[in-house]
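Here, each number is a calculation from the coordinates, and none is a lab measurement. What you see is a predicted model; the values in this text were computed from it and never measured. Here Cβ is always computed from backbone atoms with ideal geometry, including for glycine, and neighbour counts include all displayed protein chains.
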2 protein chains.
Amino acid sequence: MFEAAELGRCLSKSDYREAEPELRARLLDAQRRARAAGVPVLLLITGVAGAGKGELVNRLHEWLDSRNLRTHVFWDETDEEKQRPRWWRYWRAMPAAGEIGILFGGWYAKLMDDARHARLDEDGIEGELARIRQVEQMLVDGGTLLVKFWLHLPGREQARRVEARRRDPKSHWRMAPETAREANHYDAFIDLATRVVRETDTGEAPWYLIEATDRPFRDLTVGQTLQRAIETRLSARREPTDVTVSHAPALPAAESARTTILDRVDTDLALPKPEYKRHKQTLNARLNRLGWEGFEARHPVVAVFEGWDAAGKGGTIRRLTEALDARLYTVVPIAQPSDEEAAHHYLWRFWRQLPRDGYWTLFDRSWYGRVLVERVEGLTPEPDWARAYHEINTFEEQLAEHGVTLLKFWLHITPDEQLQRFEARAETPHKQHKITAEDWRNREKWSDYEAAINEMVVRTSTEFAPWHIIPANDKRHARIEVMRIAAEAVARDVKSKRQSP
Amino acid sequence: MFEAAELGRCLSKSDYREAEPELRARLLDAQRRARAAGVPVLLLITGVAGAGKGELVNRLHEWLDSRNLRTHVFWDETDEEKQRPRWWRYWRAMPAAGEIGILFGGWYAKLMDDARHARLDEDGIEGELARIRQVEQMLVDGGTLLVKFWLHLPGREQARRVEARRRDPKSHWRMAPETAREANHYDAFIDLATRVVRETDTGEAPWYLIEATDRPFRDLTVGQTLQRAIETRLSARREPTDVTVSHAPALPAAESARTTILDRVDTDLALPKPEYKRHKQTLNARLNRLGWEGFEARHPVVAVFEGWDAAGKGGTIRRLTEALDARLYTVVPIAQPSDEEAAHHYLWRFWRQLPRDGYWTLFDRSWYGRVLVERVEGLTPEPDWARAYHEINTFEEQLAEHGVTLLKFWLHITPDEQLQRFEARAETPHKQHKITAEDWRNREKWSDYEAAINEMVVRTSTEFAPWHIIPANDKRHARIEVMRIAAEAVARDVKSKRQSP
């Protein structure tokens, strides 16, 4: 594959000088228009050591307006990064709408590095390549313009450059830490690179293979490619395309054929007060202890609370937090995104709230809004929410891989119970603020929500993050169930973590 | 002082049970109204080891709505915190408008700890107490409701509790790491605490000294005090009060008496092109090397660019960034704050952008907007901008203490030069977007801006962060001046850092 980048392509200085001013003006214009259109542009720049990635990035900073441009390097992994799922550090670096982010090496540098130092076995490499494809697809689907450059040098040229740098007492500052070390293993690197490039060269996120031997050629080609990529993107219409595959089965019209998972929930389950008190006391003590054990073992927990309006999410969360030490958890209520959040991929706001190892984050509503309210209310076009099931599974899989205990609760009540609770709220002065016109409107769409919930549970109940559907007509029953499930899951995970450090 | 918290005050269980439900309802109501009013509430909870700070915080979480409540502990200092000015970690934890933040120990825990382990000498303690007073004053002035609780126990009671915990195999989980160690030095702790409390017990941010021996008394008193603090704050009118001291000297009306610092600037300074090229080449190489030397030495740089419209801030920044490696700097343009930023103290958005050690952040406009555009355009009431000079000095002093090289440039042009540039922009198609009606309006307020700039320079040119007023009618001259000043300052600081590690 890399033969195509060893053709000796080059550009004379005078040709370069002639072409550069125009390219520069066009690039600035493209940047300005991408900003106006609110397109996030993500550049990934990687390739063989010594190919001049640093020089190229500097050139791009010279050409572009540095005020909407940010380059991210991943030289060292900080404590805060190590104590979160692996991709958290990349999500921190994602450009907002209208910004350009350059990821130096990006997720490829880490993969190459881990593979070459045997920190990843064959399955690990395969898994990471699949992960990369998924995430890139998701970013592109979410509206990011992703442009990936792979800089190549023939082996002789790399050896020559490394040697030249080694001799030049001034230039060692410019060398990224790895350059010298890596140059001795050119062939092994190319074998791996061939595979990585091939397996991640997708329709949505193609690689641009750049012959980097001649600097003027390298820089001008990258600049032009970037400019064209932005122009192409801006001129393409990005209207939501129609769904080409209907993703839900076409059910017969008969009532019996339309049974959902929710119809199977035994909403009569109830817990008498004395039993509730007894269980609660035991579970309180157990959860408190588990909180501290998890803290000591540096084990993170994420819990998601979804449910019908008035199903008791708040009260249930409160029972959990009463058991836990306040220093160990955070409750994150999900409502309107802030403008910074709205300028990013919809999962960004959840990534930024992930707990460090040892802590708990409890989400009062969550990323499932995408396939619930946004779907039912038509806030998000169908292709976008239809894709979200897979995107969410990919996200949760990453939490699981990092060892997060992920708990997902759906609090289920019947329409009658909801009505009673609404009416009770409307009558109690200090609870009136909890009930709005929107709650009544949502109620009218009960069966649409039922279908959405059913599909959500079917598609996102995974082995690493199953849904727990909690009968919640009886609050005491629901609360104890949630506490019990949380305690069991955390106890199991903390124990297994201790056994395999 | 602490005798007042050894009076044996207590509350029977039945009294507690009677009072709690009402307090709880009132607290929730106060929280809701503080949220509606957009008041940020900051609770600091500290005191002697074993007094039950953890229990108390848990109680508050039980009483309050945990969705707008976040507790922050500062057990370990992460890499990312260590590599920034000391108070960065507290600024990260500041509640937004309408939120409640509980800082466990807050800035007092660190001070007490450092003082008792001789990591701070007498001057250090004095300095930190002054810093605390300044910051608390600033937060309160900025609209934060700051409520500080100091929990006290007599020595016998502390010893008893620590012993009881030590014997109870279950309860050790609840013990904060320091408890057992600290209990052996009760008298020394109280001596230091007396001083700390006394020196930080100010009119704006008083301490509430809480007798913590009896748990029901402790919790109920804290809850009631908090509730009353919120109510008092909400019922107080917070209209900007009139300025009681005019902070600028009253100058005679004669023109000659109204000379500003800007009138002394030699705007005729210019640099011929050949000299410019020569200087630029040398400075480019020098700055590039300094960037890497600073990175190796983990030395951070913050540069602020202010100046008249069309003075050439963008072009000057660009000359600096062309010299630096793109991996080492970030350019932060300051325009409208995001909604998250607008919900915090005006300095918050700058704190969050501070570079890690080894990196540079270049601000294109900055916190000085507070005393320039916000003052001149009347966007901020006079008492607020009048206070800002001192607040800014305090902020910059903290950067200097951490070892940041702080560079502040005012790019100065004459009104005639500005007019020419505006007209040239209006005529050049690809520069038309750079000139707006607002630019023309600002121009009419030239003398108001002159007065504001003069005062800004007078009040914020400090020994640790002087202003550099750069004659910028000639762009070449201005650019070389900025590069030269930056290179000299960074070289000096990196060198002195190396010599005193």
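Nearest 10 degrees is fine. How inclined is helix A:475-499 to the longest principal axis of chain A, computing both from alpha carbons?
With both axes taken from Cα atoms, the answer is about 40 degrees.
Compute the label-point distances linking B:Thr436 to its equivalents in the other copies; points lie 7 Å from Cα along Cα→Cβ; give nm, one decimal, shortest first.
3.1
By a straight-distance test (C-alpha under 12 Å), which aspartates and glutamates pair with A:Lys148 as possible cross-link partners, with residues fewer than eight away in the same chain excluded?
Leaving aside aspartates and glutamates fewer than 8 places away in the same chain, those within reach of A:Lys148 are A:Glu136, A:Asp201, A:Glu204.
Please give the net charge around A:Asp263, taking every other residue with its beta carbon less than 13 angstrom from that of A:Asp263, where Lys and Arg add +1 and Asp and Glu add -1.
Working: positive: A:Arg258, A:Arg264; negative: A:Glu255, A:Asp266, A:Glu450.
Here the count lands on -1.
List the residues, sorted by chain then number, that are 5 or more residues from A:Val304 or on another chain and whose placed amide H is less than 5 Å from its amide H.
A:Phe363, A:Leu407, A:Lys408, A:Phe409
Roughly how many debye, to the nearest 20, is the charge dipole of the range A:2-235 about its Cα centre, given +1 on each Lys and Arg Cβ, -1 on each Asp and Glu Cβ, and no other charges?
Values: 38 positive and 39 negative charges, 167 e Å.
Taking the Cα centre of the range A:2-235 as origin, the dipole is about 800 debye.
Give the aspartates and glutamates whose C-alpha is closer than 16 Å to that of A:Lys53, dropping any in the same chain fewer than 8 places away, or say none.
Candidates past the 8-residue exclusion: A:Glu62, A:Glu157, A:Glu178, A:Glu182, A:Glu211, A:Asp214, A:Asp219, B:Glu322, B:Asp325.
List the pair-distance distribution P(r) of the range A:409-501, using every Cα-Cα distance, as the percent of pairs falling in each 5 Å bin from 0 up to the bin containing the longest distance, rounded to whole percents.
Pair shares across the bins are 2, 10, 15, 18, 18, 14, 10, 6, 4, 3, 1.
Starting from one equal scatterer on each C-alpha and no solvent at all, send me the Debye-based log10 I(q)/I(0) for the range A:353-463 at q = 0.12, 0.15, 0.19, 0.20 Å⁻¹, two decimals.
-0.55, -0.81, -1.10, -1.15
Net charge around B:Asn442, counting only other residues with Cβ within less than 11 Å of its Cβ (Lys, Arg = +1; Asp, Glu = -1)? Numbers along the way, then the final one.
Details: positive: B:Arg441, B:Arg443, B:Lys445; negative: B:Asp309, B:Glu377, B:Glu438, B:Asp439, B:Glu444, B:Asp448.
Residues close to B:Asn442 contribute a combined charge of -3.
Relative contact order, percent, of the range A:260-499 when contacts are C-alpha pairs under 8 Å separated by at least 6 residues? Walk me through the numbers before you get to the answer.
Working: 326 pairs, mean separation 83.4, N = 240.
35 percent.
Roughly how many nanometres apart are two label points built 7 Å out from the Cα toward the Cβ at A:Ala285 and B:Arg352?
Label at A:Ala285, label at B:Arg352, 4.4 nm between them.
Name the shape class, rounded, prolate or oblate, that the alpha-carbon gyration tensor gives for the range B:299-418, where a ≥ b ≥ c are the square roots of its eigenvalues, rounded holds for a/c under 1.5, and otherwise prolate holds if a/b is larger than b/c and oblate otherwise.
Values: a/c = 1.73, a/b = 1.13, b/c = 1.54.
Taking the square roots of the gyration eigenvalues as a ≥ b ≥ c, the range B:299-418 is oblate.
State, as an integer percentage, the relative contact order of the range B:266-337 based on alpha-carbon contacts under 8 Å between residues 6 or more apart. Walk me through the numbers on the way to the answer.
Details: 21 pairs, mean separation 28.4, N = 72.
Over the range B:266-337, the number comes to 39 percent.
Return the inverse of the average 1/r over all pairs of distinct C-alpha atoms in the range A:260-499, which is the Kirkwood hydrodynamic radius, in Å to one decimal. Show your work: numbers first, answer last.
Working: mean 1/r = 0.0536 Å⁻¹.
One decimal place: 18.7 Å for the Kirkwood radius.
Would you mind ranking A:Glu204, A:Glu396 so that the residue whose beta carbon has the fewest other beta carbons within 10 Å leads the list? Kindly include the intermediate steps, with their values, before the conclusion.
On the way: A:Glu204 12, A:Glu396 20.
Ordered by Cβ neighbours within 10 Å, fewest first: A:Glu204, A:Glu396.
Place +1 on the Cβ of every Lys and Arg and -1 on the Cβ of every Asp and Glu in chain B, take the dipole about the Cα centre, and give the residue among B:Gln353, B:Ser14, B:Thr144 whose Cα lies farthest towards its positive end.
B:Gln353
Give the total of Lys-Lys pairs in the range B:258-499 with Cα-Cα distances below 19 Å; include a pair only if its members are 8 or more places apart or on different chains.
Lysine pairs, 8 or more places apart or on different chains, close enough: 11.
How far is B:Arg278 from itself in the other copies, in nm, if each label sits 7 Å out from Cα along the Cα-Cβ line, shortest first?
Computed spacing set for this position: 9.5 nm.
Using only the alpha-carbon atoms, how far is helix A:53-63 inclined from the longest principal axis of chain A? Give it as 0 to 90 degrees, nearest 10.
90
Using a 7 Å offset from Cα along the direction of the beta-carbon, what are the separations from B:Arg119 to the same position in each other copy, nm, ascending?
In ascending order, 2.9 nm.
Near B:Ala4, within a Cβ-to-Cβ distance under 13 Å, what is the net charge of the other residues, with Lys and Arg +1 and Asp and Glu -1? Before the final figure, lay out each step's value.
Details: positive: B:Arg9, B:Arg198; negative: B:Glu3, B:Glu6, B:Asp201, B:Glu211.
Residues close to B:Ala4 contribute a combined charge of -2.
At a Förster radius of 56 Å, what calculated FRET efficiency corresponds to the Cβ-Cβ distance of A:Leu7 and A:Arg86, to the nearest 0.05?
Working: r = 37 Å, r/R0 = 0.66.
FRET efficiency, A:Leu7 to A:Arg86: 0.90.
I'd like the orientation of helix A:106-116 relative to chain A: the angle between its Cα long axis and the longest Cα principal axis, in ° from 0 to 90, rounded to 10.
Between helix and principal axis, roughly 80 degrees.
Please list the three semi-axes, largest first and in whole Å, of the ellipsoid equivalent to the protein assembly as shown, using sqrt of 5 times the eigenvalues of its alpha carbon gyration tensor. If you can, show how the numbers build up before the last one.
Details: eigenvalues 472, 320, 166 Å².
The answer is 49, 40, 29 Å, longest axis first.
Volume per residue, Å³, of the convex hull around the alpha-carbon atoms of chain B? Working shown, then result.
Working: hull volume 90.6 nm³, N = 501.
Normalising the Cα hull of chain B by residue number yields 181 Å³.
Could you work out the helix-only [θ] at 222 nm for chain B, with each DSSP H run of four or more residues adding -39,500 (n - 2.57) and the total divided by the number of residues, to the nearest 500 deg cm²/dmol? Present the calculation step by step, with values, prior to reporting the outcome.
Working: 20 runs with 257 residues, N = 501.
Taking each H run of at least 4 residues, the total per residue is -16000 deg cm²/dmol.
Which FRET efficiency value, to the nearest 0.05, is calculated for B:His247 and B:Arg441 with the Förster distance at 35 angstrom and r the Cβ-Cβ distance? Let's see the in-between values first.
Working: r = 26 Å, r/R0 = 0.75.
Step by step, r from the Cβ atoms, then E = 0.85.
Using 0.36 nm per residue, how much length does the chain from B:Ser461 to B:Lys434 gain when fully extended, once their Cα-Cα distance is taken away? Write out the running numbers ahead of the final one.
On the way: separation 27, 0.36 × 27 = 9.72 nm, distance 3.02 nm.
Answer, rounded to one decimal: 6.7 nm.
Explain nothing, just the number: relative contact order of chain B, from Cα pairs under 8 Å at least 6 residues apart, as a whole percent. Intermediate results must be reported in sequence, preceding the final value.
Working: 659 pairs, mean separation 93.7, N = 501.
Relative contact order of chain B: 19 percent.
For a bin width of 5 Å, list the pair-distance distribution of the range B:2-235 built from all Cα-Cα distances, rounded to whole %.
1, 6, 14, 18, 20, 18, 13, 7, 3, 0, 0
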